[in-house]
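Just below is one structure, and these are the notes that go with it.
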Amino acid sequence: MAELPPYSESFDIATSFGTVRAYRFDGPGGLSDGPPVVLLPGRSGSTPMWRDNIPQLLARRTLFGLDLLGEAGMSVQHKPIRDAADEAQWLDETLAGLGLDSAHLLGVSIGGWTAVNAAIHRPARIASVALLDPVMTFAPVPAKAVAASLALFLPVPRQLRRRVLSWIAGGADIDQSQPEEQLLSAAAKCFAIDKAMPKLFTDDQLRSLQRPTLVLIAGRSVMLDPARALATARRLLPQGQIELWPDASHAINGEYPDEIAARAHNFWDEVETGASA
């Protein structure tokens, strides 16, 4: 957190399933800039995983970073999260607790699934959804990735965990001194996830998504089949802007922070002027 831009305020929002930690990062005009952007991280990542993205996003928007409830981070789960409806409820209650009547959701990996799930079940407070290589959304996680990912959530040797992280990041060298690697390592050693695993959305559920949606699929992702995800999203999303970023891996948010910020700001501008697809 110390390497992120300073946040203006932190919150612990009470929900039906526990308290959700949120951090507000004020943009140039505060909430007068338009609906704020709510950042939903990947599994075990929590708010610090947006370290490379926050400066560029903050240049034009106020941001709220959330630690997903039931995941490693500063949110604290008190009650079982049994299904997708429960997942949507805690997020909607968090937005309400933050006083947000309208917000853009930006999610990476499982955070992308969380954003789509909320937009399907509890869309009232959601202005738009932007997704960075979302898992279990348009395509299932391949069996090989499921097996390899166990190294991220079990107390395995650190070298093995680094090899898995490198594979997920398209072969990039993983520096164990980096805070993101240390964050995932701490989560694997010290945190046990105890909630229902996400289920792949049905075609009817995706067709029901009535919010402007930006989808960036990583062409080198190992956490989904990029061609299948791309085809499904284009076929089913009524208001979708669907793109394949061919050189990106599942670590897309850290690989292309400037490009993602530019694309996302353009998308949000379109949404707010009524020009989005």
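Read-outs throughout are calculated quantities, based only on the coordinates presented, and are distinct from any laboratory measurement. Worth saying up front: this structure is predicted, and the values here are computed from it rather than measured. In this analysis, Cβ positions are derived from the backbone assuming ideal geometry, glycine residues included, and neighbour counts consider all displayed protein chains.
In this Cβ point-charge picture (+1 for Lys and Arg, -1 for Asp and Glu), the chain has a dipole of about 760 debye about its Cα centre. About the centre of its Cα atoms, region 43-155 shows a dipole size close to 180 debye [charges on the beta carbon of Lys, Arg (+1) and Asp, Glu (-1) only; nearest 20 debye].
Here region 172-277 is assigned +1 on the Cβ of each Lys and Arg and -1 on the Cβ of each Asp and Glu. Its dipole about the Cα centre then comes out at about 620 debye. Within the straight-line cut-off of under 17 Å between alpha carbons, the aspartates and glutamates reachable from Lys195 are Asp67, Glu71, Asp83, Asp86, Glu87, sequence neighbours fewer than 8 places apart in one chain being disregarded. For the chain, a Kirkwood hydrodynamic radius built from all Cα pairs, placed in the Stokes-Einstein relation at 20 °C and 1.002 mPa s, yields a translational diffusion coefficient of 116 µm²/s. Bridge orientation summary for the chain: considering DSSP beta bridges with both residues in this region, about 35 percent are antiparallel. With a point put 7 Å past each Cα toward its Cβ, work out how far Thr202 is from Cys190 in nm, to one decimal. Spacing of the two 7 Å Cα→Cβ label points: 4.2 nm. Here the peptides 128-140, 207-219 are ranked by packing, the mean other Cβ count within 10 Å, and the order with the highest first is 128-140, 207-219. Look at the dipole of region 178-277 built from charges on Cβ: of Met197, Leu237, Pro257, the Cα furthest out on the positive end belongs to Met197.
Residue exposure proxy: Thr94, Thr47, ordered by other Cβ atoms within 10 angstrom of their Cβ from fewest to most, comes out as Thr94, Thr47.
Calculated mean residue ellipticity at 222 nm for the chain: -11000 deg cm²/dmol, from DSSP H runs with n ≥ 4 weighted as -39500 (n - 2.57), summed, divided by the residue count and rounded to 500.
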